[in-house]
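Reviewing the structure listed below.
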Amino acid sequence: MIGVGGATPLPVLDNHALSALVDTSDDWIRSRTGITQRHLASSDVSLVDLASEAAQAALVHAGVATESVDLILLATSTPDDLFGTASLVQARLGAHNAVAFDLTAACSGFIFGLVTAAQYLRAGTYRTVVLIGADILSRWVDWSDRRTCILFGDGAGAVVLQADATDQLLGFELRSDGRLNHYLTLGYEPDPQTLVESVTIGQGKFKPIFMNGREVYRFAVTQVPEVIEKALFRAGLTTDDIDWLLLHQANQRILDAVADRLGIPREKVISNVSDYGNTSAASIPLALSEVVANGQIKPGDVVAAAGFGAGLTWGAAIFRWH
Ligand code: UT7
(Lines give C-alpha, C1' and ligand atoms only; values in the text may rest on other atoms or scores of the structure.)
Protein backbone atom coordinates (compact mmCIF):
# COMPACT_ATOMS: atom_id res chain seq x y z
CA MET A 1 0.00 0.00 0.00
CA ILE A 2 1.77 3.13 -1.16
CA GLY A 3 -0.93 5.79 -1.30
CA VAL A 4 -4.32 6.57 0.20
CA GLY A 5 -7.02 9.18 -0.38
CA GLY A 6 -10.56 9.97 0.65
CA ALA A 7 -13.59 11.93 -0.51
CA THR A 8 -16.74 12.93 1.32
CA PRO A 9 -19.66 14.97 0.06
CA LEU A 10 -20.10 18.41 1.56
CA PRO A 11 -23.60 18.59 3.07
CA VAL A 12 -23.50 17.53 6.72
CA LEU A 13 -26.51 16.36 8.69
CA ASP A 14 -25.91 16.47 12.44
CA ASN A 15 -27.87 14.63 15.09
CA HIS A 16 -29.88 17.73 16.04
CA ALA A 17 -31.09 18.21 12.47
CA LEU A 18 -31.84 14.49 12.21
CA SER A 19 -33.97 14.72 15.35
CA ALA A 20 -36.38 16.89 13.37
CA LEU A 21 -36.88 14.02 10.91
CA VAL A 22 -37.40 11.06 13.26
CA ASP A 23 -38.12 10.51 16.96
CA THR A 24 -34.55 10.47 18.24
CA SER A 25 -32.06 12.73 20.01
CA ASP A 26 -28.43 13.76 19.83
CA ASP A 27 -27.93 12.20 23.23
CA TRP A 28 -29.39 8.82 22.20
CA ILE A 29 -27.39 8.65 18.96
CA ARG A 30 -24.10 9.70 20.56
CA SER A 31 -24.41 7.39 23.55
CA ARG A 32 -25.49 4.34 21.46
CA THR A 33 -23.23 4.86 18.44
CA GLY A 34 -20.67 7.65 18.99
CA ILE A 35 -21.94 9.37 15.82
CA THR A 36 -22.49 13.14 15.87
CA GLN A 37 -22.91 13.84 12.14
CA ARG A 38 -22.80 12.28 8.70
CA HIS A 39 -21.97 13.62 5.21
CA LEU A 40 -24.68 13.03 2.62
CA ALA A 41 -24.41 13.17 -1.16
CA SER A 42 -26.71 15.60 -2.97
CA SER A 43 -28.69 14.41 -5.96
CA ASP A 44 -26.11 15.84 -8.38
CA VAL A 45 -23.25 13.83 -6.84
CA SER A 46 -22.63 10.35 -8.23
CA LEU A 47 -20.75 7.37 -6.87
CA VAL A 48 -18.33 7.88 -9.77
CA ASP A 49 -17.66 11.44 -8.52
CA LEU A 50 -16.76 10.31 -5.00
CA ALA A 51 -14.86 7.17 -6.05
CA SER A 52 -12.84 9.02 -8.70
CA GLU A 53 -11.94 11.86 -6.31
CA ALA A 54 -10.68 9.38 -3.71
CA ALA A 55 -8.77 7.35 -6.32
CA GLN A 56 -7.18 10.47 -7.79
CA ALA A 57 -6.06 11.60 -4.32
CA ALA A 58 -4.56 8.17 -3.62
CA LEU A 59 -2.67 8.18 -6.94
CA VAL A 60 -1.26 11.64 -6.24
CA HIS A 61 -0.29 10.56 -2.71
CA ALA A 62 1.44 7.47 -4.13
CA GLY A 63 3.14 9.45 -6.90
CA VAL A 64 1.84 6.92 -9.42
CA ALA A 65 0.89 7.90 -12.97
CA THR A 66 -2.63 6.99 -14.06
CA GLU A 67 -1.31 5.20 -17.16
CA SER A 68 0.53 2.66 -15.03
CA VAL A 69 -2.59 1.42 -13.23
CA ASP A 70 -3.28 -2.20 -14.22
CA LEU A 71 -6.42 -2.92 -12.20
CA ILE A 72 -9.18 -0.82 -10.62
CA LEU A 73 -11.31 -2.61 -8.04
CA LEU A 74 -14.39 -0.77 -6.85
CA ALA A 75 -15.94 -2.15 -3.67
CA THR A 76 -19.50 -0.85 -3.48
CA SER A 77 -23.07 -1.87 -2.79
CA THR A 78 -24.51 1.31 -4.24
CA PRO A 79 -23.36 1.48 -7.87
CA ASP A 80 -24.47 4.20 -10.27
CA ASP A 81 -24.98 1.42 -12.80
CA LEU A 82 -25.93 -2.12 -11.81
CA PHE A 83 -23.97 -3.42 -14.80
CA GLY A 84 -20.83 -2.06 -13.12
CA THR A 85 -19.49 1.33 -12.11
CA ALA A 86 -15.75 0.65 -11.95
CA SER A 87 -15.31 1.18 -15.70
CA LEU A 88 -16.90 4.62 -15.38
CA VAL A 89 -14.31 5.43 -12.71
CA GLN A 90 -11.62 4.12 -15.06
CA ALA A 91 -12.86 6.47 -17.78
CA ARG A 92 -13.03 9.43 -15.39
CA LEU A 93 -9.47 8.80 -14.22
CA GLY A 94 -8.22 8.25 -17.76
CA ALA A 95 -6.67 4.94 -16.66
CA HIS A 96 -7.01 3.43 -20.12
CA ASN A 97 -4.45 0.66 -19.57
CA ALA A 98 -6.35 -0.75 -16.59
CA VAL A 99 -9.12 -3.29 -16.34
CA ALA A 100 -11.85 -2.33 -13.90
CA PHE A 101 -14.63 -4.20 -12.14
CA ASP A 102 -16.98 -3.93 -9.16
CA LEU A 103 -16.84 -6.11 -6.08
CA THR A 104 -19.74 -6.34 -3.64
CA ALA A 105 -19.32 -7.40 -0.03
CA ALA A 106 -21.17 -4.56 1.72
CA CYS A 107 -19.23 -3.14 4.67
CA SER A 108 -16.57 -5.85 4.27
CA GLY A 109 -15.97 -4.77 0.66
CA PHE A 110 -12.69 -2.98 1.29
CA ILE A 111 -11.14 -5.93 3.16
CA PHE A 112 -12.37 -8.42 0.55
CA GLY A 113 -11.00 -6.08 -2.15
CA LEU A 114 -7.64 -5.80 -0.40
CA VAL A 115 -7.23 -9.57 -0.32
CA THR A 116 -8.40 -9.88 -3.94
CA ALA A 117 -5.92 -7.23 -5.06
CA ALA A 118 -3.11 -8.95 -3.15
CA GLN A 119 -3.76 -12.21 -5.03
CA TYR A 120 -3.28 -10.49 -8.41
CA LEU A 121 -0.12 -8.80 -7.14
CA ARG A 122 1.32 -11.97 -5.63
CA ALA A 123 0.59 -13.98 -8.76
CA GLY A 124 2.48 -11.39 -10.77
CA THR A 125 -0.56 -10.76 -12.96
CA TYR A 126 -0.67 -7.02 -12.23
CA ARG A 127 1.82 -4.58 -10.78
CA THR A 128 -0.33 -1.59 -9.78
CA VAL A 129 -3.85 -1.78 -8.36
CA VAL A 130 -6.20 0.99 -7.27
CA LEU A 131 -8.68 -0.30 -4.70
CA ILE A 132 -11.64 1.94 -3.93
CA GLY A 133 -14.33 1.55 -1.27
CA ALA A 134 -17.26 3.85 -1.99
CA ASP A 135 -20.91 3.96 -1.00
CA ILE A 136 -23.88 6.32 -1.07
CA LEU A 137 -26.15 4.50 1.34
CA SER A 138 -28.27 7.61 1.91
CA ARG A 139 -30.02 6.67 -1.36
CA TRP A 140 -31.16 3.36 0.13
CA VAL A 141 -31.97 4.30 3.72
CA ASP A 142 -35.56 4.59 4.87
CA TRP A 143 -35.39 8.12 6.30
CA SER A 144 -38.44 7.42 8.47
CA ASP A 145 -36.78 4.41 10.17
CA ARG A 146 -34.95 5.73 13.24
CA ARG A 147 -33.27 2.35 13.83
CA THR A 148 -31.19 2.68 10.67
CA CYS A 149 -31.25 6.25 9.32
CA ILE A 150 -29.15 7.57 12.22
CA LEU A 151 -26.25 5.28 11.34
CA PHE A 152 -25.25 5.81 7.75
CA GLY A 153 -23.27 8.39 5.78
CA ASP A 154 -21.76 8.65 2.31
CA GLY A 155 -18.13 8.68 1.18
CA ALA A 156 -15.25 7.06 -0.64
CA GLY A 157 -11.71 6.02 0.16
CA ALA A 158 -9.00 4.51 -2.01
CA VAL A 159 -5.56 2.98 -1.79
CA VAL A 160 -2.85 2.27 -4.35
CA LEU A 161 -1.21 -1.13 -4.03
CA GLN A 162 1.94 -2.11 -5.80
CA ALA A 163 3.74 -5.42 -6.16
CA ASP A 164 6.80 -5.27 -4.00
CA ALA A 165 9.61 -7.59 -2.99
CA THR A 166 8.41 -7.40 0.61
CA ASP A 167 4.77 -8.48 0.70
CA GLN A 168 2.91 -6.08 2.99
CA LEU A 169 -0.26 -8.13 3.47
CA LEU A 170 0.97 -10.21 6.37
CA GLY A 171 -2.12 -12.33 7.00
CA PHE A 172 -5.86 -12.41 6.40
CA GLU A 173 -9.08 -14.28 7.10
CA LEU A 174 -12.31 -13.84 5.13
CA ARG A 175 -15.70 -15.25 6.13
CA SER A 176 -19.33 -15.18 5.00
CA ASP A 177 -22.51 -16.81 6.23
CA GLY A 178 -25.57 -16.46 4.01
CA ARG A 179 -27.75 -18.13 6.65
CA LEU A 180 -27.60 -14.81 8.52
CA ASN A 181 -28.38 -12.70 5.45
CA HIS A 182 -31.80 -11.65 6.79
CA TYR A 183 -30.19 -9.60 9.60
CA LEU A 184 -29.12 -6.87 7.17
CA THR A 185 -30.57 -6.52 3.71
CA LEU A 186 -31.04 -4.20 0.75
CA GLY A 187 -33.15 -6.68 -1.13
CA TYR A 188 -34.91 -6.77 -4.46
CA GLU A 189 -38.66 -7.26 -4.40
CA PRO A 190 -40.07 -8.55 -7.67
CA ASP A 191 -43.48 -7.34 -8.77
CA PRO A 192 -45.08 -9.98 -11.00
CA GLN A 193 -46.07 -8.70 -14.43
CA THR A 194 -47.64 -10.89 -17.06
CA LEU A 195 -46.19 -10.14 -20.49
CA VAL A 196 -48.25 -12.65 -22.41
CA GLU A 197 -50.25 -15.64 -21.22
CA SER A 198 -47.95 -18.09 -19.34
CA VAL A 199 -45.01 -15.63 -19.29
CA THR A 200 -44.77 -13.66 -16.06
CA ILE A 201 -41.69 -11.68 -15.14
CA GLY A 202 -40.77 -9.93 -11.90
CA GLN A 203 -39.98 -6.29 -12.57
CA GLY A 204 -39.89 -4.73 -9.13
CA LYS A 205 -37.57 -2.56 -7.10
CA PHE A 206 -35.07 -2.66 -4.29
CA LYS A 207 -36.50 -2.18 -0.82
CA PRO A 208 -34.73 0.16 1.65
CA ILE A 209 -32.12 -1.12 4.07
CA PHE A 210 -33.44 -3.40 6.80
CA MET A 211 -31.31 -4.22 9.82
CA ASN A 212 -31.73 -6.22 13.00
CA GLY A 213 -29.33 -4.00 14.93
CA ARG A 214 -29.05 -6.13 18.05
CA GLU A 215 -28.16 -9.28 16.11
CA VAL A 216 -25.63 -7.47 13.90
CA TYR A 217 -24.09 -5.90 16.99
CA ARG A 218 -23.80 -9.30 18.68
CA PHE A 219 -22.34 -10.84 15.54
CA ALA A 220 -19.75 -8.07 15.16
CA VAL A 221 -18.40 -8.09 18.70
CA THR A 222 -18.03 -11.89 18.77
CA GLN A 223 -16.89 -12.68 15.21
CA VAL A 224 -14.56 -9.77 14.47
CA PRO A 225 -12.05 -10.48 17.28
CA GLU A 226 -11.96 -14.11 16.12
CA VAL A 227 -11.00 -13.29 12.51
CA ILE A 228 -8.43 -10.77 13.67
CA GLU A 229 -6.84 -13.44 15.85
CA LYS A 230 -6.85 -15.90 12.92
CA ALA A 231 -5.27 -13.33 10.60
CA LEU A 232 -2.65 -12.52 13.24
CA PHE A 233 -1.88 -16.23 13.63
CA ARG A 234 -1.35 -16.53 9.87
CA ALA A 235 0.96 -13.51 10.03
CA GLY A 236 2.93 -15.07 12.87
CA LEU A 237 2.05 -12.10 15.08
CA THR A 238 0.16 -11.47 18.32
CA THR A 239 -2.07 -8.61 19.44
CA ASP A 240 1.00 -7.01 21.07
CA ASP A 241 2.46 -6.49 17.58
CA ILE A 242 -0.51 -4.38 16.45
CA ASP A 243 0.23 -0.66 16.22
CA TRP A 244 -3.26 0.27 15.01
CA LEU A 245 -6.69 -1.34 15.09
CA LEU A 246 -8.61 -0.13 12.05
CA LEU A 247 -12.17 -1.47 12.09
CA HIS A 248 -15.12 -0.77 9.87
CA GLN A 249 -16.53 2.42 11.40
CA ALA A 250 -20.03 1.21 12.28
CA ASN A 251 -20.44 2.15 15.92
CA GLN A 252 -17.98 3.41 18.56
CA ARG A 253 -19.32 0.83 21.02
CA ILE A 254 -18.38 -1.96 18.58
CA LEU A 255 -14.87 -0.50 18.13
CA ASP A 256 -14.43 -0.34 21.91
CA ALA A 257 -15.85 -3.81 22.55
CA VAL A 258 -13.64 -5.45 19.90
CA ALA A 259 -10.55 -3.65 21.24
CA ASP A 260 -11.40 -4.73 24.80
CA ARG A 261 -11.88 -8.37 23.78
CA LEU A 262 -8.49 -8.35 22.07
CA GLY A 263 -6.84 -6.46 24.95
CA ILE A 264 -5.83 -3.60 22.64
CA PRO A 265 -5.56 -0.21 24.37
CA ARG A 266 -7.96 2.50 23.22
CA GLU A 267 -5.17 4.81 22.00
CA LYS A 268 -4.41 2.27 19.26
CA VAL A 269 -8.00 2.30 17.97
CA ILE A 270 -8.56 4.47 14.89
CA SER A 271 -11.95 6.15 14.91
CA ASN A 272 -13.69 8.80 12.86
CA VAL A 273 -17.22 7.40 13.18
CA SER A 274 -18.23 10.54 15.06
CA ASP A 275 -17.81 12.73 11.98
CA TYR A 276 -18.94 10.42 9.18
CA GLY A 277 -21.20 7.67 10.57
CA ASN A 278 -21.10 4.32 8.84
CA THR A 279 -19.94 4.84 5.24
CA SER A 280 -19.97 1.10 4.45
CA ALA A 281 -17.16 0.05 2.05
CA ALA A 282 -15.61 3.52 2.33
CA SER A 283 -15.15 3.60 6.08
CA ILE A 284 -11.79 1.81 6.43
CA PRO A 285 -9.87 3.64 3.65
CA LEU A 286 -11.47 6.94 4.67
CA ALA A 287 -10.27 6.52 8.25
CA LEU A 288 -6.86 5.35 6.99
CA SER A 289 -6.52 8.44 4.79
CA GLU A 290 -7.12 10.70 7.80
CA VAL A 291 -4.55 9.07 10.09
CA VAL A 292 -1.98 8.97 7.30
CA ALA A 293 -2.61 12.65 6.50
CA ASN A 294 -2.25 13.72 10.14
CA GLY A 295 0.91 11.65 10.59
CA GLN A 296 -0.47 9.27 13.24
CA ILE A 297 0.47 6.18 11.22
CA LYS A 298 4.17 5.88 10.46
CA PRO A 299 5.85 3.79 7.76
CA GLY A 300 6.42 0.26 9.07
CA ASP A 301 3.46 0.35 11.48
CA VAL A 302 1.41 -2.86 11.65
CA VAL A 303 -2.31 -2.32 11.09
CA ALA A 304 -5.01 -4.86 11.95
CA ALA A 305 -7.99 -3.97 9.78
CA ALA A 306 -11.38 -5.68 9.85
CA GLY A 307 -14.70 -5.25 8.09
CA PHE A 308 -18.12 -6.72 8.84
CA GLY A 309 -21.61 -6.30 7.56
CA ALA A 310 -24.30 -7.51 5.20
CA GLY A 311 -24.05 -10.93 3.64
CA LEU A 312 -23.29 -11.52 6.38
CA THR A 313 -19.63 -11.04 5.54
CA TRP A 314 -16.63 -10.31 7.71
CA GLY A 315 -12.89 -10.44 7.45
CA ALA A 316 -9.57 -9.18 8.74
CA ALA A 317 -6.32 -8.19 7.07
CA ILE A 318 -3.04 -7.50 8.82
CA PHE A 319 -0.81 -5.20 6.82
CA ARG A 320 2.26 -3.06 7.21
CA TRP A 321 1.85 0.58 6.19
CA HIS A 322 4.54 1.33 3.63
O1 UT7 B 1 -22.23 -1.75 8.67
C2 UT7 B 1 -23.15 -2.72 9.07
C3 UT7 B 1 -22.96 -3.06 10.45
N4 UT7 B 1 -24.03 -2.54 11.26
C5 UT7 B 1 -23.83 -2.38 12.54
O6 UT7 B 1 -22.73 -2.58 13.00
C7 UT7 B 1 -24.97 -1.99 13.44
C8 UT7 B 1 -24.93 -2.81 14.70
N9 UT7 B 1 -25.96 -2.44 15.64
C10 UT7 B 1 -25.89 -1.29 16.37
O11 UT7 B 1 -24.97 -0.51 16.20
C12 UT7 B 1 -26.94 -1.05 17.41
O13 UT7 B 1 -27.73 -2.19 17.54
C14 UT7 B 1 -27.85 0.16 17.09
C15 UT7 B 1 -27.06 1.45 17.24
C16 UT7 B 1 -28.42 0.05 15.68
C17 UT7 B 1 -29.00 0.21 18.09
O18 UT7 B 1 -28.49 0.29 19.42
P19 UT7 B 1 -29.03 -0.70 20.54
O20 UT7 B 1 -28.37 -0.32 21.78
O21 UT7 B 1 -28.83 -2.09 20.04
O22 UT7 B 1 -30.55 -0.32 20.60
P23 UT7 B 1 -31.81 -1.28 20.42
O24 UT7 B 1 -32.01 -1.62 19.00
O25 UT7 B 1 -31.68 -2.39 21.41
O26 UT7 B 1 -32.98 -0.32 20.88
C27 UT7 B 1 -33.09 0.14 22.23
C28 UT7 B 1 -34.28 1.09 22.32
C29 UT7 B 1 -35.52 0.52 21.67
O30 UT7 B 1 -36.63 0.91 22.48
P31 UT7 B 1 -37.33 -0.18 23.40
O32 UT7 B 1 -37.80 -1.25 22.47
O33 UT7 B 1 -36.27 -0.65 24.35
O34 UT7 B 1 -38.41 0.62 24.04
C35 UT7 B 1 -35.61 1.23 20.35
O36 UT7 B 1 -36.92 1.38 19.89
O37 UT7 B 1 -33.98 2.29 21.62
C38 UT7 B 1 -35.02 2.58 20.67
N39 UT7 B 1 -34.42 3.22 19.53
C40 UT7 B 1 -34.20 4.53 19.46
N41 UT7 B 1 -34.47 5.55 20.31
C42 UT7 B 1 -34.10 6.80 19.94
C43 UT7 B 1 -33.95 2.64 18.39
N44 UT7 B 1 -33.43 3.57 17.58
C45 UT7 B 1 -33.57 4.76 18.21
C46 UT7 B 1 -33.24 6.08 17.88
N47 UT7 B 1 -33.52 7.06 18.78
N48 UT7 B 1 -32.62 6.41 16.71
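In this calculation the C-beta distance from Thr125 to Glu215 is compared with R0 = 35 Å, giving a FRET efficiency of 0.35.
Provide the gained length on full extension for the span Val22 to Ser43, in nm with one decimal, where the gain is 0.36 nm per separating residue minus the Cα-Cα distance.
Contour length minus the Cα-Cα distance gives 5.4 nm.
Solvent-accessible area of Cys107, all protein chains in place: 10 Å² (probe radius 1.4 Å, heavy atoms, ligands and nucleic acids excluded).
Here the relative contact order of the range 67-207, from alpha carbon pairs under 8 Å that lie six or more residues apart, stands at 20 percent. Taking all protein chains together, Asp177, Asp23, Asp135 sort by accessible area into Asp23, Asp177, Asp135, largest first [probe 1.4 Å]. The calculated FRET efficiency for the pair Tyr188 and Thr222, based on their C-beta separation and a Förster distance of 30 Å, comes to about 0.50. Surface exposure of the chain, expressed per residue as accessible area with a 1.4 Å probe, stands at 43 Å². A Stokes-Einstein calculation at 37 °C with viscosity 0.692 mPa s, built on the Kirkwood radius of the chain over Cα pairs, returns a diffusion coefficient of 166 µm²/s. Nonpolar atom fraction for the chain, defined as the carbon and sulfur part of the 1.4 Å probe accessible area, stands at 51 percent.
Counting only protein chain heavy atoms and rolling a 1.4 Å probe, the accessible areas of Val160, Val64 rank, largest first, as Val64, Val160. Its Kirkwood hydrodynamic radius, worked out from the mean inverse distance over all distinct Cα pairs, puts the range 3-166 at 16.6 Å.
Helical runs assigned H by DSSP (4 residues or longer) give the chain a calculated mean residue ellipticity at 222 nm of -9500 deg cm²/dmol, each run adding -39500 (n - 2.57) before division by the residue total. Projecting the Cα atoms of Gly187, Ser176, Thr24 onto the charge dipole of the chain, computed from C-beta unit charges around the Cα centre, puts Ser176 farthest toward the positive end.
Of the listed residues Leu288, Leu180, the order by accessible area with a 1.4 Å probe, largest first, is Leu180, Leu288. Measuring with a 1.4 angstrom probe and ignoring ligands and nucleic acids, Thr194 comes out at about 100 Å² accessible. Here the scattering of the range 75-116 is modelled by Debye summation over its C-alpha atoms, one equal scatterer each and no solvent; at q = 0.21, 0.28, 0.29 Å⁻¹ the log10 of I(q)/I(0) is -0.68, -0.98, -1.01.
Here is what passes the span test in the chain: the DSSP H helices with alpha carbon length of 27 Å or more along the helix axis and a Kyte-Doolittle mean of -1.0 or above are 213-235.
The values are calculated or read from the model by the stated rules, or taken from the named source; none is laboratory data. Just so it is clear, the structure is predicted and the values come from calculations on it, not from any experiment. Reconstructed Cβ throughout: ideal geometry from the backbone, glycine too, with neighbour counts over all protein chains shown. Side chains are part of the model used for accessible areas, which takes the heavy atoms of the whole protein and leaves out ligands, DNA and RNA. Shrake-Rupley method; radii C 1.70, N 1.55, O 1.52, S 1.80 Å.
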